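Some notes on the structure that comes next.
The values are calculated or read from the model by the stated rules, or taken from the named source; none is laboratory data. Being a predicted model, the structure only gives us computed values, none of them experimental. All Cβ positions, even for glycine, are placed from backbone atoms using ideal geometry, and neighbour counts span all protein chains on display.
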């Protein structure tokens, strides 16, 4: 039996596989197929984390412990202690309710004059080694 080696054969390059998908939060229509727009992979996890942060405890029926309750924390006096409480709350939310994200760090910076909190979340999506950056601004309404 003879062995035949063929030269210049290239292995096919696989496209990035969509592991996670979710609907867009504003339910906008896609221009290509006039269906609800979808988010994939990192964008889907970002949308999920954003929804977790904006949900207050008691908003979901039959699950009173779900959510971050961050709106109540926005009316506290801003300072290092408040920033630490918000950071710990976000860390706990992501670790408990978002299994697709591996949290790297949460950075909270409050702006007392403008009545807002800047939140930077750095995480990795499971099965992906690249870190993802999510920046959120929470406004306190008087």
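The one condition from (1) surrounded by 13 or more Cβ atoms within 10 Å (Cβ to Cβ); (2) over 30 Å from residue 111 (Cβ atoms) that residue 33 does not meet is (1). Selection over segment 28-84 of residues that are touching a helix residue (DSSP H, G or I) at 6+ places or on another chain (Cβ under 9 Å), touching a residue at least 60 places away in the same chain (Cβ under 8 Å) and part of a loop (DSSP other than H, G, I, E, B) gives a count of 1. Taking the options 90, 94, name whichever one is within 19 Å of residue 140 (Cβ to Cβ), touching a helix residue (DSSP H, G or I) at 6+ places or on another chain (Cβ under 7 Å) and surrounded by 13 or more Cβ atoms within 10 Å (Cβ to Cβ). Criteria check complete, one pass: 90. With respect to being surrounded by 13 or more Cβ atoms within 10 Å (Cβ to Cβ) and either at pLDDT 80 or above or more than 30 Å from residue 86 (Cα to Cα) (or both), residue 73 falls outside the description.
In the set 132, 117, 106, 137, only one residue is exposed (fewer than 15 other Cβ atoms within 10 Å of the Cβ), assigned to a strand (DSSP E or B) and modelled with pLDDT of 80 or more; that residue is 137.
Using the structure shown, decide if residue 87 is over 13 Å from the mean Cα position of the chain (by Cα) and at pLDDT 90 or above. When the stated conditions are applied, residue 87 passes them.
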